[in-house]
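Q: Shown below is the structure under consideration.
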């Protein structure tokens with residue numbers, strides 16, 4: 001069953017996601033990041049520029065793009081909908097909505113910013129997961 005981890009009180013969701021993706025890539029994890037278009041564009045740019053001496057291989061798949069080949073080796077997929085990407089180990093959610101198809105992933109990481117609207121949305125997702133018996137944990141990103 002899918003494990004769900006909430007990363008709470010994140011001041012900069014995109015920067016935090018970039019650091020998380022670096023760690024995941026170092027561990028050879030295959031990741032799908034699901035987010036609104038503006039955040040995906042920002043993350044896509046940051047993955048190219050955050051560390052001048054390194055590059056995180058990734059693909060940003062636009063909503064109307066053709067589906068990738070099932071065996072595509074790209075380790076990081078940036079999508080608006082999780083069903084656009086091939087199945088991977090980890091799903092990272094930067095949005096306020098529950099990601100349809102999350103149960104296809106071994107792990108879900110919900111990155112929650114400090115604003116009240118996002119916290120309320122995260123509480124609703126937590127309740128959804130808990131009511132269905134998913135293993136839940138949380139991590140405070142800052143004290």
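The values are calculated or read from the model by the stated rules, or taken from the named source; none is laboratory data. On a predicted model such as this, the values are computed, not experimentally measured, just so you know. Here Cβ is always computed from backbone atoms with ideal geometry, including for glycine, and neighbour counts include all displayed protein chains.
Q: Residue 86 is checked against (1) within 20 Å of residue 111 (Cβ to Cβ); (2) in contact with a strand residue (DSSP E or B) (Cβ under 9 Å, 6 or more places away or on another chain); (3) surrounded by 15 or more Cβ atoms within 10 Å (Cβ to Cβ) and fails just one. What number does that condition carry?
A: Of the numbered conditions (1) within 20 Å of residue 111 (Cβ to Cβ); (2) in contact with a strand residue (DSSP E or B) (Cβ under 9 Å, 6 or more places away or on another chain); (3) surrounded by 15 or more Cβ atoms within 10 Å (Cβ to Cβ), the odd one out for residue 86 is (1).
Q: Report the residue count in the range 53-83 for those that are touching a residue at least 40 places away in the same chain (Cβ under 8 Å) and more than 18 Å from residue 106 (Cβ to Cβ).
A: 3
Q: Restricting the search to the range 31-60, which residues are surrounded by 14 or more Cβ atoms within 10 Å (Cβ to Cβ), in a loop (DSSP other than H, G, I, E, B) and modelled with pLDDT of 95 or more? Can you show your working first?
A: Step one: filter the range 31-60 for residues surrounded by 14 or more Cβ atoms within 10 Å (Cβ to Cβ), giving 31-35, 39-44, 46-47, 50, 56, 58-60.
Add one more test, that the residue is in a loop (DSSP other than H, G, I, E, B), and what stays is 35, 50, 56.
Matches in the range 31-60: 35 only.
Q: Out of the residues in the range 1-16 that are in a helix (DSSP H, G or I) and out of contact with any helix residue (DSSP H, G or I) (no Cβ under 6 Å at 6 or more places or on another chain), state the one that is farthest from residue 93 (Cα to Cα).
A: 15
Q: Take the residues in the range 71-80 that are part of a loop (DSSP other than H, G, I, E, B) and under 19 Å from residue 14 (Cβ atoms), then tell me which one is nearest to the chain's Cα centre (by Cα).
A: My answer is 80.
Q: Report, by residue number, each residue of the range 17-30 that is assigned to a helix (DSSP H, G or I) and surrounded by 18 or more Cβ atoms within 10 Å (Cβ to Cβ).
A: Hits for the range 17-30 are 17, 18, 20, 21, 24, 25.
Q: Taking residue 92 as the residue in question, decide whether it is assigned to a strand (DSSP E or B) and surrounded by 18 or more Cβ atoms within 10 Å (Cβ to Cβ).
A: yes
Q: Exactly one condition in (1) closer than 19 Å to residue 42 by Cα; (2) surrounded by fewer than 16 Cβ atoms within 10 Å (Cβ to Cβ) is not met by residue 73; state its number.
A: The number of the failed condition is (1).
Q: Okay, moving on. May I ask you to list the residues in the range 107-143 that are assigned to a loop (DSSP other than H, G, I, E, B) and either closer than 24 Å to residue 12 by Cα or at pLDDT below 95 (or both)?
A: Passing the criteria: 114, 115, 141, 142, 143.
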